[in-house]
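Since the structure comes first, as C-alpha cells, the remarks are kept for the end.
The values are calculated or read from the model by the stated rules, or taken from the named source; none is laboratory data. If you're wondering where the values come from, they're calculated on a predicted model, not measured in any experiment. As a convention, Cβ positions derive from the backbone with ideal geometry for all residues, glycine included, and neighbour counts pool all protein chains shown. With ligands, DNA and RNA removed, areas are computed over all heavy atoms of the protein, side chains included. Shrake-Rupley method; radii C 1.70, N 1.55, O 1.52, S 1.80 Å.
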Amino acid sequence: MANHLIKKTLLLTLAALLAGCASSQNQPEVNRLTNQVGKLNTEMRQLTRQATALEQQSSLNLNSSQGAWLLPATKSAVLLKSEAGEVRLSLSHVESEANGTRATLHVRAAGDRSLPAFSAQIEWGEMDKTSGQPLQVNSQTQQVSVRESLLPRSEIAIPLRLSNVSPQQLGYVRVHDILVTPQPVSTQP
C-alpha cells in the first residue's frame, strides 16, 4: 500500500514538472518535439514492416527451388536462376487501378549479358496475416511474353495488371517458369 502511494506521489510530481515545462513560452518547442516523435514513430513502423517482409521474402526464396517470390513491401530485388540465365527481379510503381493493382516488373540480366526473348508465369495474391505465408486460395496467374528486340537489352520493364487485389492486399508476386522463346531460323542464303 505504501509502495502504491509513493508511486502515485511520484507520478503527480512528474506531471506537475512536465506541466511547468510546457509553459506558453515553451509550447512551440514542445509541439515541434511532439511532431518529430510522431514522424519517428511512423518511420519506425514502416521500417519494421519492411524488415518483416524482407525476412518473409528471404525465407520464401530460400525454400523455393522454382521461381522467385517478390513481396512489394520489401522494395528489394531477388536473383533467380532460369532458362534465360541468372536474372534480377524487382517490383516498382505498385498502384491502385480500377479493378485491382498495376505494377512494373523489372527483369535485368546478370552481368553484361543481354536478355533473350522469353515467357514467364506470374502469380499473385495475399499473404496470411497470421502465418506470413502466401494464400493460395484466391491466387491468380497470367503469362507474360517478352519478344526479341532489334537491339540487345540487359533490362526490361514489364507492366503488370494484377486484378481483384488492391495494393494494400497484394502480399506477393511470384515469377516462375521463365522459358526462352525459340526464334525462327532465317532461311535466306
**OP:** Could you list all residues from region 135-153 that are surrounded by 15 or more Cβ atoms within 10 Å (Cβ to Cβ) and among the small types (Gly, Ala, Ser)?
**Re:** 139
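Just checking, which of 135, 179, 150, 115 is over 27 Å from residue 62 (Cβ atoms) and of a type in the set (A, V, I, L, M, F, W, C)?
Details: 135 fails: over 27 Å from residue 62 (Cβ atoms); 179 fails: over 27 Å from residue 62 (Cβ atoms); 115 fails: over 27 Å from residue 62 (Cβ atoms).
From the options 135, 179, 150, 115, the qualifying one is 150.
Say we look at region 55-65 and pick out the residues that are surrounded by fewer than 10 Cβ atoms within 10 Å (Cβ to Cβ) and not aliphatic (A, V, I, L, M); which of these is modelled with the highest pLDDT? Quick ask: steps written out before the conclusion?
Taking region 55-65 as the starting set, the residues that turn out to be surrounded by fewer than 10 Cβ atoms within 10 Å (Cβ to Cβ) are 62-63, 65.
Next, only the ones that are not aliphatic (A, V, I, L, M) stay: 63, 65.
Values: 63: 79, 65: 75.
The qualifying residue modelled with the highest pLDDT is 63.
Among 182, 116, which is the only one that is surrounded by fewer than 15 Cβ atoms within 10 Å (Cβ to Cβ) and closer than 23 Å to residue 82 by Cα?
Details: 116 fails: surrounded by fewer than 15 Cβ atoms within 10 Å (Cβ to Cβ).
Result of the check over 182, 116: 182.
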Original post:
Do you know which residues across region 26-54 are within 21 Å of the chain's Cα centre (by Cα) and surrounded by 11 or more Cβ atoms within 10 Å (Cβ to Cβ)?
Top reply: 46, 49, 50, 51, 52, 53, 54
Original post:
Which one of 52, 34 is in a helix (DSSP H, G or I), modelled with pLDDT under 90 and more than 19 Å from residue 127 (Cα to Cα)?
Top reply: 34
Original post:
Within region 96-112, restricting attention to residues that are touching a strand residue (DSSP E or B) at 6+ places or on another chain (Cβ under 6 Å) and open to solvent by 80 Å² or more (accessible area, probe 1.4 Å), which residue is farthest from residue 175 (Cα to Cα)?
Top reply: 99
**OP:** Quick one: in region 55-79, of everything that is touching a Leu at 6+ places or on another chain (Cβ under 9 Å) and assigned to a helix (DSSP H, G or I), which residue is farthest from residue 126 (Cα to Cα)?
**Re:** 61
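How many residues, within region 161-177, are of a type outside the set (Gly, Ala, Ser) and open to solvent by 10 Å² or more (accessible area, probe 1.4 Å)?
Restricting attention to region 161-177, the residues satisfying the condition of being of a type outside the set (Gly, Ala, Ser) are 161-162, 164-165, 167-170, 172-177.
Now restrict to residues that are open to solvent by 10 Å² or more (accessible area, probe 1.4 Å): 161, 164, 167-170, 174, 176-177.
Number of matching residues: 9.
Can you tell me which residue within region 79-95, out of those that are hydrophobic (A, V, I, L, M, F, W, C) and under 19 Å from residue 180 (Cα atoms), is most open to solvent (accessible area, probe 1.4 Å)?
If we filter region 79-95 for residues that are hydrophobic (A, V, I, L, M, F, W, C), which is where we start, we get 79-80, 84, 87, 89, 91, 94.
Subsequent filtering for residues that are under 19 Å from residue 180 (Cα atoms) retains 79-80, 84, 87, 89.
Details: 79: 97, 80: 17, 84: 8, 87: 2, 89: 1 Å².
Selected residue: 79.
Wholly within region 89-189, which strands (runs of 3 or more DSSP E) include no fewer than the required count, namely at least 3 residues that are at pLDDT 95 or above and within 27 Å of residue 52 (Cα to Cα)?
Working: elements: 100-109, 118-125, 140-146, 155-163, 172-180.
In region 89-189, 100-109, 118-125, 155-163, 172-180 are the strands (runs of 3 or more DSSP E) which contain 3 or more residues that are at pLDDT 95 or above and within 27 Å of residue 52 (Cα to Cα).
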**OP:** Go through region 66-81 and give me each residue that's more than 19 Å from residue 94 (Cα to Cα) and at pLDDT 90 or above.
**Re:** 67, 79, 80, 81
Original post:
Within the set of pairs 6+ apart or on separate chains, which have a first residue in region 63-79 that is closer than 15 Å to residue 133 by Cα, a second that is assigned to a loop (DSSP other than H, G, I, E, B), and C-beta atoms under 6 Å apart?
Top reply: 72/170
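Of the residues 111, 132, 100, only one is touching a helix residue (DSSP H, G or I) at 6+ places or on another chain (Cβ under 7 Å) and on the phi > 0 side of the Ramachandran plot; which?
Details: 111 fails: touching a helix residue (DSSP H, G or I) at 6+ places or on another chain (Cβ under 7 Å); 100 fails: touching a helix residue (DSSP H, G or I) at 6+ places or on another chain (Cβ under 7 Å).
After ruling out the rest, the residue left standing is 132.
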